[in-house]
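Taking it in order: structure first as structure tokens, then the write-up.
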Amino acid sequence: MTPPRDDAVTSRALDRLGALEGAAFLARLDLVQGDLVEALTAVYADRVDVSSFAADLVGDALDAAVARPLPLRVLDRRREVDPAWFLRQDMVGYVCYADRFAGDLQGVAKRVDYLGELGVGYLHLMPLLRPREGENDGGYAVQDYDAVDPRLGTMTDLEQLTGLLHDRDIALCVDLVLNHTAREHEWARKAAAGDPAYRDFYWFFRDRTEPDAYERTLPEVFPDMAPGSFTYLPPGEADPGDEWVWTTFHEFQWDLNWTNPRVFRSMLGVLLTLANHGVDIVRLDAAPFLWKRLGTDCQNQPEAHRILQALRALVRLAMPGVALKAEAIVGPDQLVPYLGAHERFRPECDLAYDNQLMVMLWSAVASRDVRLSAHALARRPRPPAQATWVTYIRNHDDIGWAVADEDAWAVGLDPFRHRQFLASYFSGRHPGSFAEGADFQANPATGDARTSGSAASLLGLEDALERGDAGAASVALTRLETLYAVAYSFGGIPLVYMGDEVAMRSDPDWAAVPSHADDNRWLHRPAMDWAAADRRADPSTTEGRVFSALQRLAAARASTEALRSDGTTTVLHPRSPHVLAYVRTHPRAAPVLGLACFSDTEALVEHEVLEQAGIHTPVLLHSTTGRLDLRDGMLWLPPWGFAWVTTP
Ligand code: GLC
């Protein structure tokens, strides 16, 4: 039921936005008000009077709507007409650090044509707000949310860039770090100085009693480089008496206290302001960590979801064209709720990382066996129709081997040993492995290790080139193309991670920058090799081969309505343990069967699989070989190859 709207809001909205936009604002308010109040009640009822808090927040949303520049309102209008704008099949994403890609924001503007060549409609620039000096976790320790990192440019540069991108129909995604600020942030400085209005912005403790109690169930995010979840404050660092502060990640990243309604309101302000600079998609960093509860791992708590739902409602109200993306790298069962799938649907984020698909693809690569992947991907709940994944094979982070125990047991694998096998395989330790990666945050206490390394290096290109084995190098590129073929067709917005389009290998000099030396994720965060990228038009080169492969994937995807992100994905189970098979359907389109071979030898797919996919007269949409290879009704896939098959 929609709570009654208060008359003051009605007249203020009409006054300040005019009759037309005011009416639209009020219509949206009617839509979101129930969700907003419900979410705020669940989180803040014991700290504030929810109706007056909600009224304040609606006022903030109205201020932001009034301040919103005209071109962005035009975009909002278009996206209200087509709320599925980010679900289109021609949407392809690209992810990069502005400095590593092109020096700074003005440099990025000069590379927009390059993105156009890849068919990019979504650009994610890694953290670009002003971080603390020195070590800053790749920009995830923000000192000032209102300023761009001066090394990258200014807010004016950002606005100019968003304008240029919008002219080309490219949406910009930018990170918002919600869980913590740098300890140098103004809020943290005031809190440390004992300012009563800010003390409650963070989690301070007088001694180890509470930290010890929490740590009994808290996993460590960076056990090696930043052990523990609390940081000791030496005398003089904070208000006398405070000895410890909550720091889930690094000691310089202080966790915000989201039980404080003022934290919610302040961060809402940051979010609305950022979006009013032209950001279309806000990546909510480390979303699962927002709520702490004793006796738990302090991730995915119901209140964290409620906070996201309240933010969602207010963003929709102020700026309906802006989408939210959850960065929730959590177990498969905890993932879908970030897209709003709870016991009943509650609008939450529009996008979330399909971490599970990514892990399952790498698992299939190492084991040449898709049974675990097919089982795990088949059993998970579908995302709600109006939300979707971003699909990817690599990003700036390590790969954590998030294989659910029950999925492993279900296909006869010991989960712990399989996770260890994956880490060992991709570090290159496993006998016969072609991968050249590195362990990240190996934890001797638990036996866990994660993996760093670029896609090309993990897929064998580096090893093949070192050995001068051209045949093996070519196979490594086939693997890379096939993993991307899955990312482009499995359902969701595919993201190209900078450098993969020209098969860039891991950066051998990653540790040369002193503030990076402790963190081998910089292995796969190299500076763009433009000399290599300049060879992209020459098909005889590695770069030409991979770049054109991604262009063809984008073109085939763009022409195929079944690959819209609001279509459905159903995993099939062919007889071959080496073939991942899934069918994409959409009410407006013919089905598309996606097939990917995880084997050093060819694989055959029986005719029944085509039938299960609803494909009676197979027509090739796209494949590794450019041919549809049918032999006696069986479909032939080359080693590590893929095929997309449809029907008239
Ligand atoms: C996210 C980022 C990661 C960062 C962490 C802390 O997981 O992707 O790079 O270290 O948040 O902000």
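Data for the structure
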| quantity | calculated |
| --- | --- |
| Beta bridges by DSSP in the chain, antiparallel share as percent, to the nearest 5 | 60 percent |
| Separation between Cα centres of region 402-437 and region 449-473, rounded to whole Å | 18 Å |
| Share of carbon and sulfur in the accessible heavy-atom surface of region 281-371 [1.4 Å probe, %] | 49 percent |
| Derived scalar couplings ³J(HN,Hα) [region 64-69; Karplus, 6.51 cos²θ - 1.76 cosθ + 1.60; whole Hz; x for Gly, Pro] | 5, 5, 5, 7, 5, x |
| Given charges at beta-carbon only (K, R positive; D, E negative), |dipole| of the chain in Debye | 1580 debye |
| Förster radius 35 Å - calculated FRET efficiency between Gln160 and Asp90, Cβ distance, rounded to 0.05 | 0.90 |
| Whole-angstrom Cα spans of the chain along principal axes, big to small | 74, 58, 48 |
| Rounded Å value of the spacing that divides the Cα centres of region 504-523 and region 16-71 | 45 Å |
| Value of D in µm² per second that Stokes-Einstein yields for region 393-480, Kirkwood Rh from Cα pairs, at 37 °C (0.692 mPa s) | 239 µm²/s |
| Solvent-accessible surface ranking, highest first, for Glu243, Glu327 at 1.4 angstrom | Glu243, Glu327 |
| Under 11 Å, Cβ to Cβ, from Glu117 - net charge with Lys/Arg +1 and Asp/Glu -1 | 0 |
| Fraction of accessible area attributable to carbon and sulfur, region 7-70 (%, probe 1.4 Å) | 58 percent |
| Alpha carbon Rg of region 240-341, scaled by the compact-globule rule 2.2 N^0.38 Å | 1.14 |
| Pairwise centroid distance, computed over Cα atoms, of region 154-173 with region 300-345, Å | 25 Å |
| Residue-level accessible surface for Ile281, protein heavy atoms, 1.4 Å, Å² | 0 Å² |
| Ser540 - accessible surface, heavy atoms, 1.4 Å probe, Å² rounded to 10 | 100 Å² |
| Cα convex hull of region 186-255, projected area averaged across orientations, nm² | 4.5 nm² |
| Accessible-area order (highest first, 1.4 angstrom probe) of the listed residues Arg206, Arg575, Arg380 | Arg575, Arg206, Arg380 |
| Two-site label geometry, His430 and Arg262: point separation in nm, points 7 Å out along Cα→Cβ | 5.2 nm |
| Exposure of Asp144 as accessible area (Å², to 10), given a probe of 1.4 Å and all protein chains | 50 Å² |
| Label point distance in nm, Arg627-Ala442, each placed 7 Å from Cα along Cα→Cβ | 4.6 nm |
| Computed E for Ala42/Asp195 - FRET, C-beta separation, R0 25 angstrom, nearest 0.05 | 0.30 |
| Extended-chain gain in nm, criterion 0.36 nm per residue less alpha-carbon gap, Gln612 and Val513 | 30.3 nm |
| Binned Cα-Cα distance frequencies in region 357-421 - 10 Å width, integer % | 19, 52, 26, 4 |
| Around Thr209: net Lys/Arg minus Asp/Glu count, Cβ-Cβ under 13 Å | -2 |
| Hits among lysines - C-alpha to C-alpha of Lys325 under 29 Å, sequence gap 8 or more where chains match | Lys110, Lys292 |
| For region 442-572, Kirkwood radius (reciprocal of mean inverse C-alpha pair distance, Å) | 16.5 Å |
| Calculated log₁₀ intensity ratio I(q)/I(0) where the Debye formula runs over C-alpha points of region 1-79, q = 0.11, 0.14 Å⁻¹ | -0.31, -0.49 |
| Accessible surface, 1.4 Å probe, highest first, among residues Lys190, Lys110 | Lys110, Lys190 |
| Cα convex hull of region 44-90 - mean projected area over all directions, nm² | 5.2 nm² |
| Difference of contour (0.36 nm per residue) and Cα-Cα distance, Leu620 to Ala147 | 165.3 nm |
| Region 566-646: mean projected area of Cα convex hull, nm² | 4.9 nm² |
| Carbon and sulfur %, accessible surface of region 143-238 computed with the full protein complex present, 1.4 Å | 48 percent |
| Probe 1.4 Å, accessible area per residue of the chain, Å² | 37 Å² |
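The values are calculated or read from the model by the stated rules, or taken from the named source; none is laboratory data. Quick caveat, the model's predicted, so the values are computed rather than measured. Using ideal geometry, Cβ is built from the backbone for each residue, glycine included, and neighbour counts are taken over all protein chains shown. SASA here: full protein model, heavy atoms, side chains in, ligands and nucleic acids out. Shrake-Rupley method; radii C 1.70, N 1.55, O 1.52, S 1.80 Å.
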